[in-house]
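Here the structure comes first, spelled out in structure tokens, and everything after it is commentary.
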Amino acid sequence: GKNEYDLVVVGGGSGGLACAKEAAQFGKKVAVLDYVEPSPQGTKWGLGGTCVNVGCIPKKLMHQAALLGGALKDAQHYGWNIAQPVHHTWSVMAQAVQNYVKSLNWGHRVQLQDKKVKYFNMKGSFSDPNTIRGLTQAGKETTITAENIVIATGGRPKYPAHVAGAREHGITSDDLFWLKESPGKTLGSAFLDVSLECAGFLTGIGLDSTVMMRTIPLRGFDQQMATLVTEHMESYGTKFLKRCFPTKVEKLKNNRLQVTWKNTDLGTEETDSFDTVMWAVGRAPDTETLSLERVGVKTNSETGKIIVDASEATSVPHIYAIGDITEGRPELTPTAIAAGKLLAQRLFGQSSVLMDYDNVPTTVFTPLEYGCVGLSEEAAVQCYGSDNIEVYHAYYKPLEFTVAERDATQCYMKMVCLREREQRILGLHFIGPNAGEVIQGFALGIKCGATYPQLMTTIGIHPTCAEEITKLHITKRSGLDATVTGC
């Protein structure tokens with residue numbers, strides 16, 4: 001009854017692949033099972049998970065396409081003669097992005113082969129606590145036994161359950177990045193950051209884009225920053241239907257989609273027609289076919305996510321879970337990768353280092369990017385009380401915006417600190433160009449326990465947007481104007 005493998009990973013996304021490759025470095029016998037169930041619209045893709053195929057990578061590339069469109073407008077102010085009107089061709093962009101994603105799929109397969117990790121293009125489910133049943137698309141069955149099993153199947157977008165025609169006529173982020181033709185006039189429902197990101201780049205490449213929001217934008221993020229992000233998007237051309245929720249989607253004879261929604265402020269019912277309707281109403285853990293109940297892996301009955309402890313262990317010894325499928329973890333690629341590597345090191349490398357989920361930096365790639373690390377202002381107030389925190393803030397104008405005469409009303413940053421003598425930095429929030437690049441550097445300092453006085457002794461790089469963080473000196477408490485003037 002010797003187990004065939006030292007480790008089997010179910011799910012070939014960022015976390016699962018990182019865990020498998022790290023385990024193989026220790027000379028262990030490792031296998032990965034990965035299978036992509038086609039979306040309701042029939043979209044499918046290769047190895048690499050959400051981030052590579054239908055998430056961060058294609059999203060950032062399409063965001064870049066939109067930024068280039070903005071740069072073309074700015075270029076004329078800088079002396080470049082660009083024939084007007086400029087026109088964007090979706091199919092050219094989509095083909096280039098999709099080709100790059102396919103190269104990453106291939107790269108992952110080559111890496112697994114190089115590291116002697118066995119790859120099964122199969123859907124995995126538990127037969128018993130040490131046995132995985134693999135099923136190919138053609139129905140061929142394989143049984144795999146392992147000493148340790150890691151579940152890393154991630155999540156898939158949900159469809160709204162109470163909207164008639166939602167599944168039949170709508171798409172999700174699983175489909176948008178693989179469309180061969182332009183989505184045209186698009187309605188997106190906003191619950192996740194991806195809905196604002198997609199609406200932003202669709203507007204940026206010249207499409208008619210509308211976002212429907214029932215409640216607040218960017219749930220879980222600092223709400224002052226979220227409001228500034230959406231305000232900028234409105235000024236940029238994205239339309240918003242606020243405090244509205246859809247009730248049905250119908251296909252018209254001309255193939256357009258007629259959407260009916262309720263406006264909760266006015267108490268009215270409204271309709272409009274669109275070429276594409278994209279849902280972003282949340283993600284569901286991909287656990288349905290795993291047969292977790294058969295082996296006793298406990299999940300949260302409300303979210304469906306797997307309950308894990310600080311070492312990523314489930315309720316069953318030797319079965320672990322990492323990434324988006326786990327309860328209470330950030331749904332971010334880098335955290336899944338780090339957690340996967342550390343888990344492999346603990347299992348096979350005599351390590352005891354646990355994943356630290358505090359102060360994880362992230363960025364929302366809206367037209368004006370929003371990057372943050374640490375606590376939101378609301379969370380800091382909740383943890384420490386408003387009397388015990390100090391918020392330094394500034395409205396600034398990127399130098400690049402001046403000649404191009406671009407509006408910088410929403411370019412803003414704030415630093416949330418403890419008010420005590422040491423003034424430890426609890427959170428940093430930045431809206432502006434290259435937010436991810438800016439926040440990544442400051443994240444190290446905040447991870448190391450940086451204080452406001454230490455920041456004040458940090459010399460800025462002139463003339464950059466990030467430099468303005470090193471000059472933050474006006475507090476919200478003072479009530480003074482926080483607009484940066486001069487050089």
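The values are calculated or read from the model by the stated rules, or taken from the named source; none is laboratory data. Predicted model only: the values in this text are computed from it and were never measured. Heads up, the Cβs are rebuilt from the backbone with ideal geometry, glycines too, and the neighbour counts pull from every protein chain shown. Side chains are part of the model used for accessible areas, which takes the heavy atoms of the whole protein and leaves out ligands, DNA and RNA. Shrake-Rupley method; radii C 1.70, N 1.55, O 1.52, S 1.80 Å.
What the table shows:
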quantity: Inter-probe distance in nm under a simple model that places probes 7 Å from Cα toward Cβ, at Glu405 and Val381; calculated: 3.9 nm
quantity: Accessible carbon and sulfur surface of the stretch 158-281 relative to its total accessible area, %, 1.4 Å; calculated: 50 percent
quantity: Computed magnitude of the charge dipole of the chain (debye, nearest 20; Cβ of K, R +1, Cβ of D, E -1); calculated: 1080 debye
quantity: Around Ser125: net Lys/Arg minus Asp/Glu count, Cβ-Cβ under 10 Å; calculated: +2
quantity: Computed label-point distance, nm, for sites Ser235 and Glu270 using a 7 Å Cα→Cβ extension; calculated: 2.3 nm
quantity: Volume of the Cα convex hull of the chain, divided per residue and given in Å³; calculated: 179 Å³
quantity: Within the chain, percent of DSSP bridges classed antiparallel, to nearest 5; calculated: 65 percent
quantity: About the Cα centre, charge dipole magnitude for the stretch 1-105 (Lys/Arg +1, Asp/Glu -1 at Cβ), debye; calculated: 80 debye
quantity: Shape box of the stretch 368-478 [Cα atoms, principal axes, largest first, Å]; calculated: 42, 24, 23
quantity: Carbon + sulfur, % of accessible area of the stretch 397-436 - ligands and nucleic acids excluded, 1.4 Å; calculated: 44 percent
quantity: Peptides ranked, highest mean first, by Cβ atoms within 10 Å: ranges 261-270, 10-19; calculated: 10-19, 261-270
quantity: Degrees between helix 223-236 axis and first principal axis of the chain (Cα, 0 to 90, nearest 10); calculated: 70 degrees
quantity: Helix axis angle, 435-447 relative to the chain longest principal axis, alpha carbon, degrees; calculated: 70 degrees
quantity: Interchain or long-range residues, amide H under 5 Å from Arg156's placed H; calculated: Ala284, Asp286
quantity: Probe 1.4 Å, all protein chains present, accessible-area order of Val32, Val360, largest first; calculated: Val360, Val32
quantity: Net charge dipole size for the stretch 74-184 [Lys, Arg +1 and Asp, Glu -1 on Cβ; Debye, nearest 20]; calculated: 380 debye
quantity: Rounded tilt (10° steps) of 193-204 against the dominant C-alpha axis of the chain; calculated: 60 degrees
quantity: Cα gyration tensor of the stretch 2-86 - equivalent ellipsoid semi-axes, whole Å, descending; calculated: 44, 17, 6
quantity: Rg and Dmax of the stretch 173-306, Cα atoms only, in Å; calculated: 17.2, 53
quantity: Cα gyration tensor shape for the stretch 266-393, rounded if a/c is under 1.5, else prolate or oblate; calculated: oblate
quantity: Among 308-315, 329-336, 49-56, the order from most to least packed when residues are scored by Cβ within 10 Å on average; calculated: 49-56, 329-336, 308-315
quantity: Å² of accessible area per residue within the stretch 246-298, as computed with a 1.4 Å probe and no ligands counted; calculated: 56 Å²
quantity: Rounded accessible area of Val194 (nearest 10 Å², 1.4 Å probe); calculated: 30 Å²
